[in-house]
Protein chains: 2
Amino acid sequence: MTNRVRENEEKAIHPPTSRNVTVLGGGLVGCLLSIYLARRGHRVQIVERRSDPRKLPWDAGRSINLALSDRGWHALEGVGLADPVRQSGIPMYGRMIHDLAGKLTFQPYGEASQAIYSVSRSKLNEVLMSLAEERENIRLHFNEKCTEVDLEHASVTLENLETGTYSILRGELVFGADGVFSSVRGAMQRTNRFDYSQQYLEHGYKELTIPAPAAGGWAMDRHALHIWPRGNFMLIALPNLDGSFTGTLFFPFEGDLSFESLKTPEQVTHFFDTTFPDILPIAPGIVREFFRHPTSSMVSVKCYPWTYKDKVALIGDAAHGVVPFYGQGMNAGFEDCVVLDRIAAQHGDDWGGIFGEYQRSRKPNADAIADLAVQNFVEMRDRVGDPKFLLRKKIEAHLHHQFPNRWTPLYTMVTFSLLPYADALRIGQRQDRIMDRIMQIEHIETRWPELDYAALLGEAETAGE
Amino acid sequence: MTNRVRENEEKAIHPPTSRNVTVLGGGLVGCLLSIYLARRGHRVQIVERRSDPRKLPWDAGRSINLALSDRGWHALEGVGLADPVRQSGIPMYGRMIHDLAGKLTFQPYGEASQAIYSVSRSKLNEVLMSLAEERENIRLHFNEKCTEVDLEHASVTLENLETGTYSILRGELVFGADGVFSSVRGAMQRTNRFDYSQQYLEHGYKELTIPAPAAGGWAMDRHALHIWPRGNFMLIALPNLDGSFTGTLFFPFEGDLSFESLKTPEQVTHFFDTTFPDILPIAPGIVREFFRHPTSSMVSVKCYPWTYKDKVALIGDAAHGVVPFYGQGMNAGFEDCVVLDRIAAQHGDDWGGIFGEYQRSRKPNADAIADLAVQNFVEMRDRVGDPKFLLRKKIEAHLHHQFPNRWTPLYTMVTFSLLPYADALRIGQRQDRIMDRIMQIEHIETRWPELDYAALLGEAETAGE
């Protein structure tokens, strides 16, 4: 048995045949995937359309931040990258709710030590690029736009955006890590029987800056994700290392109160004054930014299959574009890399088998997190401000504390565990039905600490829930 | 009031401004739409990629037939075309179920006089083309492939497939009646916030011929749609005027018993012998056709919006591709024309308003028939052979007879009425819940004629169902 394990490990670390791999997209997932592949001995060419971000002035796109949570950390740890990344993250231990009067309420995400980490997207990308480039079997190519993908021959046609010349990059495997508008997926979409959907939200978003105070430090508690829930829309803010926060307004494109309806600086000022009263004093530049910064749309993309024969595979946003409300887009993409790597370790040279198992096992989880992310928008913008919702969360935390092996809140399963997303969704739905019933108990507001939860859970289990 | 009505009618028949309209696609919906538009005074250019089918030898694609039902007839009547078409249709009054022993059971579709009509797709298309061409304000262009659609300027770039020359056709309105792989929709898909999905079935289909008997007449009852339900798959056959039937085998692409698994003539012969024992004696050529005829896939396509400003609109399969199992694809496309025409009659020159109302009112109905068509596949291939299902249908027919204003079977609402599809779906779901309960009554097999249905329906209504 021990020998068998050792053999598998050997096989895992040194696969029988090293492949020439093309990874389209030098973003977060493309770089991490390449490091995983290189570790197994493959020779990787990363092709990126943009120019090298490490050579650009520092503020290009610097303000976008992401929330790294357990799945992301686990994937980084797998290649020894958690520590270098952790240095530039800021832990956020819960949500800080800002009400209409500017009053603050803190809602912890989980246990006292559990946090999600605000990291700079571009900084993290640069770190991963540099760590990829250090490997002798990874090469990075910038300013190369993919104009055609030949699925059958695992080759891609590239246009160099600086010289205008075309070249063909031939390999044995192609990975599409080229994001939600993936050109690899575009090529697969022209094959027969390819399921595909893109679904836009009726809300757009706009990024706004809360600058660092002149006196130093941060303008608000930096160890929280700040939310201004306002029913149909919301503002959120995540901390940056330099003392600033990046705010994001999620707001309807059209309608009575919408990006379309706010036309003048006076209207925008009035809107912020009355809707987010504590923002303008600390972020006076927001009104100007409102007209200068673009309004972006949000889309869920689902597709299947994710792979073409033993040649081509989609990964990350290219396979499953999710809206940002569960903070899981990057984490899910990183988890893809871990799953693919684990399957590859078991199948050796059989890339058809690897790709088949990868897509079968991963697709239900990608669908689950896509749906969870859409649902969580309603929770964040509306329910987090509701006393009934807060009580519900409190009771769930109590249940988790009392029955750690029988009850874990959905947010914790998604964010602070490696449980497959589809399982988290299913268990969460079951728990929701139980909580719906508990919340209907008369005088639940006062009676909740004294209820016999063991009996309540027992009944639910007996009822087959 | 009478004057007002007259005025509206005048306005309807003679709209204030006649437009230059491009209709992409000279198929069934493209031709019918053009006739409706021409009738309101617009000048229509129909652009078709194929060559003129009326100049081809008669047997090119002759065998594909469609089921015309009330919505289709209503649309044809609206422009006086029902009579010329009816001459070449064969009424089918119900399903003829063929069991594994070759035993036949007839299930009527509705009342004795209600029928769906088997018509030849190509023949119907040729009739509509000729009737369109007779109008002085319609021109047909063949062998013109659309290579680009300029949504903003309502112009299309065409490549003539005979001469290889390109031209630009400018107009004021463009209609995409160019089918499930619409190039107009392709152009709209590149705009922002366009929702789109394509979902393939795991079954494919293959057309097979049951020839006319040498002695004349038809090999089976020509006034029925024949079904060989076999659980996970089925064979169906529709009659043609020439004495033949067109059979279609709906069968899994892959798996234990599938298009992929039947590899040799011996395997196919054995499969038909054991699965459809009454077929080979009347259709000995089926085994050869099995290997010669292509296997086609089936897709549901949904998208939104259907229109671009006051310039461009999708119609028929281009807006809503449905699988064929409710026989409603063409009927739904024809109904689109009627709905658009009725809205246009009310809005005069305001094409932005016309398009807005057209897509808002029509989209829920298109979604409903798409979902109904997927569901009906299970009913046809599996449930129609089940005695419980037959009893259920019998009770429903009884309810319809006893309470004609309170109970109409779903199939009748979809096929023999003009009720919006979305309403039919909703009412059908409500009726299904009631029937589920009725079928659980003990000894329902014998007790059904004596039940107090007035009380049962009354209870359901009281319960808010």
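Overview of results
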item	result
Residue identified as over 14 Å from residue B:48 (Cα atoms), away from every other protein chain (no Cβ under 14 Å), in contact with a Ser or Thr (Cβ under 9 Å, 6 or more places away or on another chain) and among the hydrophobic types (A, V, I, L, M, F, W, C) among B:161, B:208	B:208
Members of region A:423-464 that are of a type in the set (Val, Ile, Thr) and part of a helix (DSSP H, G or I)	A:427, A:434, A:438, A:444, A:446, A:462
Residue list for region B:237-252, restricted to those being within 19 Å of the chain's Cα centre (by Cα) and either farther than 11 Å from residue B:64 by Cα or not assigned by TED's automatic domain parsing to the domain that holds residue B:205 (or both)	B:249, B:250
Count of residues meeting criterion [of a type outside the set (S, T, N, Q) and either assigned by TED's automatic domain parsing to the domain that holds residue A:361 or loosely packed, with under 15 Cβ neighbours inside 10 Å (or both)] in region A:419-438	7
In region B:249-297, residue nearest to residue B:323 (Cα to Cα) [restricted to those that are within 14 Å of chain A (Cβ to nearest Cβ) and in contact with a Gly (Cβ under 7 Å, 6 or more places away or on another chain)]	B:297
Residue within region A:347-354 that is more than 30 Å from residue A:452 (Cα to Cα), in contact (Cβ under 8 Å) with a residue 12 or more places away in the chain and within 26 Å of the chain's Cα centre (by Cα) present	yes
Tabulated pairs, region B:180-202, first away from every other protein chain (no Cβ under 11 Å), second part of a helix (DSSP H, G or I) and of a type in the set (D, E, K, R), C-beta under 9 angstrom, 6+ apart or interchain	B:180/B:317; B:182/B:317
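Table: residues versus (1) crowded, with 20+ Cβ neighbours inside 10 Å; (2) closer than 30 Å to residue B:199 by Cα; (3) out of contact with any helix residue (DSSP H, G or I) (no Cβ under 9 Å at 6 or more places or on another chain); (4) within 14 Å of another protein chain (Cβ to nearest Cβ).
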position	(1), (2), (3), (4)
A:127	yes, no, no, no
A:135	no, no, no, no
A:143	no, no, yes, no
A:153	no, yes, yes, no
A:156	yes, yes, no, no
A:171	yes, no, yes, no
A:174	yes, yes, no, no
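The values are calculated or read from the model by the stated rules, or taken from the named source; none is laboratory data. Note that the structure is a prediction, hence the values are computed from the model and not measured. Please note: Cβ atoms are built from the backbone with ideal geometry, for glycine as well, and neighbour counts cover all protein chains shown.
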